[in-house]
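Colleague: Once you've had a glance at the structure underneath, I'll fire off some questions.
The values are calculated or read from the model by the stated rules, or taken from the named source; none is laboratory data. From a predicted model like this one, the values you see are computed outputs, not experimental measurements. Please note: Cβ atoms are built from the backbone with ideal geometry, for glycine as well, and neighbour counts cover all protein chains shown.
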Amino acid sequence: MNKLPGAIALFLACIVSAQAEKIELVMPNKLMARAEFHQGSREKPAVLLLHGFLQTHEFPTIFQLMESLRGAGFTVLAPTLSLNVPARRQSLACEAIHTHSIEGNSREIDAWVKWLGRKQPGGIALVGHSIGSLQLLAYLGGNPDPAVRKLIAVSIIESQSPLTQKQRSRLVADLLTRVRQGDGSPLVQPVSFCKKLHAPPATLLSYLEWTPDRVLKRIEHLNLPVTFVMGSRDDRLGRGWIEKLGQTRARLRVVEGANHFMDGEHEFDLHDLVQQELQGL
Amino acid sequence: MRLPALSLSISRIAVLYILLVVMMLGLLWGYFWYEINTTGARLLRQHETNAKLEIRDAFLAVERDLRKAGDKLADWDETRQQLAIQDYYSIWRDVRIRGASLHHEAMDDVALYSREGRILARSLAPDPLPERIPVTQAVILLLHDQNHSHMVYYRPVHADPSGTVLLGYLAMKLDLTVAMKQLRSFRYAALDSLILAIPAGAQIDVRQAADIPRVRPLPDPDMNTKQRLFKQAMTRQALVMLAALLLAVLLLRFWLVRPLRGLSTEISNLTSSQEQDAPLLQASGPLRVLELESLRTSFNAYRQRLRELHGHLEQKSRDFYDQARRDALSGAFNRRAFEEDWLRIAEDRRTPAIALLLFDCDHFKAINDTYGHHVGDSVIQATAQCLQSALRTQDRLYRLGGDEFAMLLRDNDPAQAEMVAERCLEHITKHDFYQYGMREPISISVGIAFSQGDQHSLTALQKHADLAMYSAKRPGSRKIVFYGDDMEDMEVLVSSREVNAVFRAIRDPSCIEMSYQGVQRLPRAEKEYVEALVRVRYDEDLLGPAALFPIIQSRGLDVEFDQAVINAIRHDMQSGRLPADQGVSINLSAPSVVNSKAISAMLDLIRAENGRKIVVEITETALITQMDIATSHIKQLREAGALVALDDFGSGYSSLRYLSSMPVDLVKFDISMVHMLESDDERQRLITEEIAAMVMSAGYAVVAEGIETLSLLERVTHLGFSHAQGYYFGKPER
């Protein structure tokens, strides 16, 4: 019975999908980026949904959540990070040359937050999935827009690496050296779910710097409410990661039985949880 | 026009038939061969058309593929990424496109161009894309360079789907041949021969270039194989047919030609050999062809029947042969058999001594006329029986005709022949001929000629026998006469010249030239009438009675000859040769006296010459057997106005017996009797004088023949003869 509101919301989202608006916005890097925008109730906070690593806003977890929120009357903006690809419409392959960075992505998020703020003045809630949550955390660690009122990090994950801490530190040092030396030759390193990510040192460095500790520290330094929605069966997380998140000041909501993508029957749990978290903003 | 019928042997017909079949098969084979080639050419043209269509379809498919691949690549995020940040362009071009499976297998080169049309980086491809492009919209160009045909897709790349934000251009270059090969397998077109009919370096929009690709059709192995297989099959078929025909020839020869030829040869041999006992048509076994076997069986059956028929006919022929050589009446051999036997003897070089005996029934014609033919036939049969009974077993009796019989006695001497002849006469004498109703005895005359075996005498043997037989028939002669050299003058009897003359005179009375001898009235010796004496002109010769009458009498031509003489005399009368007041004495033979036709002719003459004195002299009265008829006819002659004279009175032919029987007016004393009046024998002279006196006293006028001297004339005049004739008064006048 507790899934019924979500289903109704999805049904309503389908009905009003005609109101969806494709947004193209020139980013600070001069490249055009795409997003989908739904104008919802101005009585409710606007929500910016950010996709995971190398994905687009059409990734199912984000898309379904967007539709749920839209159905619930929220103004929703789901941008696709350009990742230095003009008007990127597809997921970027791991084998592609990745020239993007956490910083560049943060600038694009900022641009979208500002655009959303212009579309609907008031509070903005940021909802990220997977590394998208890390990306929003990084954005919020910088100079975020004041309209941002809350971060809901779904299946937040650090920039995973199979390297040991020591090896990772050595790699980061090497990458830092390369960056300083202006070496732009692409390297292949495992980043997140990419076993072989082709990217210049600067890109690799920007992601690999975000170790679990740095993530946990950044959470502690944020001055807005943060909620983590995690799946109890998320097999992409490091050991004890959910527990570590629970030990932060942020609110932890665990969906029992859900995996990293919160799909299947857990999709509605996610939607319900997010909407619950958005209440009162 | 009707052509002459052409007869060919069965083997030739068979060969012609086989040749005809071979020719038909050859024509059929040629026709099929032609059809195969024609169909092959038609299929080749269709193959070429299919190749064109196939290459055109492939060309359009490549264009679609290229457009699709180019569009896909242009819509790829990483492509737009390269147009934004070109740092890793070569990785994108050389690695990423292939890694993302966005390349085309036939792709020779791919490049990105800036919005200004400049290439982002020079290509290292062997056949690179141009460094600048002038295009502003999507286009696919066809070009031919470096001996390769290429299709190049130029397309703008936009940042947004609506195409408002131009990022640059994408170019994708395909090797057309490779692309087509990868696209599909070609059944008709030989892709390696693909050429583009465009100048080197020129580029043509594919929308106007669909017909530019030219390609040579692939050799159609199936078609070639089928064609080859068909031809091989036809060749095999032809060989099989030829073998079958050869077999047919052999079978035809074995089953039909050879048996037929054998039959023909056997039949020909049968025909040529004419051997009736030749074996039947043989064969090693039954003939394979039912009709031939039936023919052979039928032919053999027919031959068997023919053989039986032939045997029957042979028997018949023998019977006919025998009958043809037998006289039906007498049972003796006939003239044909005689002539054949004679010819056989004449051809036999070892001609033996041989005697020819000719028999002739005396006065047979008179017997026939008097008693009828049935009596005559009985006489002939009895005579033959008598003669046959007198012969040895191996001797043959021949009936040569009428009452004439002959015998050929081999290895006989004249004495033996005479003995046979006497035995024959004896048998005749002993036979009772009265049983047939006759009142007179039958006598036969026998002429015998003998040859010693030399060819010359053999040739003359028949003639000699004839002469001997005629001699025997003469009055007062022996009934058996051997031929002797003194008979040479009698050859006339058998001379063909005289015989021909007689027959010619009968046919044509103009051949008869009458002479007339005056008959003088005594005692003044004035010519009262003339006696018509017959002569016959034969070519240059003039034949007299001595040459004619033996033939006439021997051949029984008396009536016919007398009628011819009457006609000749009538002609002389009508022509005036005989003056109207000139009396004529005409001789009429004994057979004519009893012949109604001859009497009728004489009566016609008498009545036609009414007023002329006509005397009918009857000769050979001794031969008259039908006295009643003769008397009646004489009476008719006298009633018609003619006088009737009994000629040759006193000779063997005329005697007192006949004088008393026949009503005559005149009696002509034979020259032998007249000459007796001057005989030295007193008795002969007295008898003659007494007979003359007796005849005259009976009221007959008496004519003396043969008056040659005055003394004889005076003598007969003194005795009271009323008429006289003879050379004393002059020779007969012609």
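Colleague: One residue is enough: does region B:370-384 have a residue meeting the conditions among the hydroxyl-bearing types (Ser, Thr, Tyr) and free of Cβ contacts under 8 Å to residues at least 24 places away in the same chain?
Modeller: Scanning region B:370-384, I find no residue that is among the hydroxyl-bearing types (Ser, Thr, Tyr) and free of Cβ contacts under 8 Å to residues at least 24 places away in the same chain, so the answer is no.
Colleague: From the residues in region B:135-165 that are of a type in the set (A, V, I, L, M, F, W, C) and within 11 Å of chain A (Cβ to nearest Cβ), which one is surrounded by the fewest Cβ atoms within 10 Å (Cβ to Cβ)?
Modeller: B:165
Colleague: Going by what's in this entry, would residue B:84 be described as within 14 Å of another protein chain (Cβ to nearest Cβ) and in contact (Cβ under 8 Å) with a residue 12 or more places away in the chain?
Modeller: Answer is yes for this residue.
Colleague: Any chance region A:91-100 includes a residue that's surrounded by fewer than 21 Cβ atoms within 10 Å (Cβ to Cβ) and touching a strand residue (DSSP E or B) at 6+ places or on another chain (Cβ under 6 Å)?
Modeller: Taking every residue of region A:91-100 in turn, at least one turns out to be surrounded by fewer than 21 Cβ atoms within 10 Å (Cβ to Cβ) and touching a strand residue (DSSP E or B) at 6+ places or on another chain (Cβ under 6 Å).
Colleague: How many of the residues making up region A:245-265 are β-branched (Val, Ile, Thr) and either free of Cβ contacts under 8 Å to residues at least 24 places away in the same chain or surrounded by 20 or more Cβ atoms within 10 Å (Cβ to Cβ) (or both)?
Modeller: Within region A:245-265, residues that are β-branched (Val, Ile, Thr) and either free of Cβ contacts under 8 Å to residues at least 24 places away in the same chain or surrounded by 20 or more Cβ atoms within 10 Å (Cβ to Cβ) (or both) number 1.
Colleague: Here's a follow-up. Give just the number: which of (1) over 29 Å from the mean Cα position of the chain (by Cα); (2) at pLDDT below 80; (3) in a helix (DSSP H, G or I) does residue B:292 not satisfy?
Modeller: (1)
Colleague: For residue B:363, state whether it is under 15 Å from residue B:402 (Cβ atoms) and free of Cβ contacts under 8 Å to residues at least 12 places away in the same chain.
Modeller: Here the answer is no, as residue B:363 does not meet what is asked.
Colleague: Right, next: For residues that are over 27 Å from the mean Cα position of the chain (by Cα) and part of a loop (DSSP other than H, G, I, E, B), scanning just region A:180-198, find the one that is farthest from the other protein chains (Cβ to nearest Cβ).
Modeller: Per the criteria, the residue is A:181.
Colleague: Additional query: Restricting the search to region A:217-264, which residues are in a helix (DSSP H, G or I) and over 19 Å from residue A:139 (Cα atoms)?
Modeller: Correct list: A:241, A:242, A:243, A:244, A:246.
Colleague: Which of the residues that make up region B:578-618 are touching a His at 6+ places or on another chain (Cβ under 8 Å) and among the charged types (D, E, K, R)?
Modeller: Within region B:578-618, no residue meets the criteria.
Colleague: Sticking with this structure for a sec: Any idea which residue in region A:206-225 is farthest from the other protein chains (Cβ to nearest Cβ), counting only those that are in contact (Cβ under 8 Å) with a residue 60 or more places away in the chain and out of contact with any Ser or Thr (no Cβ under 8 Å at 6 or more places or on another chain)?
Modeller: This residue is A:225.
Colleague: I'm trying to understand the selection: among the residues of region B:316-335, which are touching a Lys or Arg at 6+ places or on another chain (Cβ under 7 Å) and either touching a residue at least 24 places away in the same chain (Cβ under 8 Å) or assigned by TED's automatic domain parsing to the domain that holds residue B:462 (or both)?
Modeller: B:327, B:330, B:332, B:333, B:334
Colleague: Need the failing condition index for residue A:110 against (1) modelled with pLDDT of 95 or more; (2) in contact with a strand residue (DSSP E or B) (Cβ under 7 Å, 6 or more places away or on another chain), just the number.
Modeller: Unmet condition: (2).
Colleague: I've got another one for you. Considering each residue of region B:195-217, count those that are modelled with pLDDT of 80 or more and touching a helix residue (DSSP H, G or I) at 6+ places or on another chain (Cβ under 7 Å), and give that number.
Modeller: Qualifying residue count for the region: 4.
Colleague: Are any residues in region B:60-76 within 14 Å of chain A (Cβ to nearest Cβ) and either within 14 Å of residue B:181 (Cα to Cα) or of a type in the set (Lys, Arg) (or both), and if so, which ones?
Modeller: Hit for region B:60-76 is B:72, nothing else.
Conditions (1) of a type in the set (Lys, Arg); (2) assigned to a helix (DSSP H, G or I); (3) at pLDDT 90 or above, marked per residue:
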{"site": "B:6", "(1), (2), (3)": "no, no, no"}
{"site": "B:15", "(1), (2), (3)": "no, yes, no"}
{"site": "B:25", "(1), (2), (3)": "no, yes, no"}
{"site": "B:28", "(1), (2), (3)": "no, yes, no"}
{"site": "B:39", "(1), (2), (3)": "no, yes, no"}
{"site": "B:58", "(1), (2), (3)": "no, yes, no"}
{"site": "B:71", "(1), (2), (3)": "no, yes, yes"}
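Colleague: When you go through A:177, A:203 one by one, which is the residue that is within 14 Å of chain B (Cβ to nearest Cβ) and either crowded, with 21+ Cβ neighbours inside 10 Å or not aromatic (Phe, Trp, Tyr) (or both)?
Modeller: Answer to the check: A:203.
Colleague: Let me ask something else about it. In region B:166-189, what residues are surrounded by 16 or more Cβ atoms within 10 Å (Cβ to Cβ) and charged (D, E, K, R)?
Modeller: B:173, B:175, B:181
Colleague: Can you name the residue in region A:66-120 that is farther than 29 Å from residue B:166 by Cβ and in contact with a Leu (Cβ under 7 Å, 6 or more places away or on another chain) and, of all such residues, is nearest to the other protein chains (Cβ to nearest Cβ)?
Modeller: A:94
Colleague: Could you tell me which numbered condition residue B:264 fails, if it satisfies all but one of (1) under 24 Å from the mean Cα position of the chain (by Cα); (2) loosely packed, with under 12 Cβ neighbours inside 10 Å; (3) modelled with pLDDT of 75 or more?
Modeller: (2) is the only condition that residue B:264 fails.
Colleague: Restricting the search to region B:70-105, which residues are under 16 Å from residue A:31 (Cβ atoms) and β-branched (Val, Ile, Thr)?
Modeller: The answer is B:79, B:85.
Colleague: To continue, here is another question. Let me confirm something: among B:380, B:367, which residue is of a type in the set (A, V, I, L, M), crowded, with 21+ Cβ neighbours inside 10 Å, assigned to a helix (DSSP H, G or I) and modelled with pLDDT under 85?
Modeller: B:367
Colleague: Identify all residues within region B:89-105 that are surrounded by 23 or more Cβ atoms within 10 Å (Cβ to Cβ) and either within 8 Å of chain A (Cβ to nearest Cβ) or under 16 Å from residue A:93 (Cα atoms) (or both); write none if there are none.
Modeller: B:92, B:96
Colleague: Every residue in region A:212-231 that is among the polar types (S, T, N, Q) and under 16 Å from the mean Cα position of the chain (by Cα), please.
Modeller: Within region A:212-231, A:227 is the sole residue that qualifies.
Colleague: Still on this structure, I have one more. For residue B:526, all conditions in the list (1) in contact with a strand residue (DSSP E or B) (Cβ under 7 Å, 6 or more places away or on another chain); (2) buried (at least 16 other Cβ atoms within 10 Å of the Cβ) hold save one; what is the number of the exception?
Modeller: Here residue B:526 meets the rest and fails (2).
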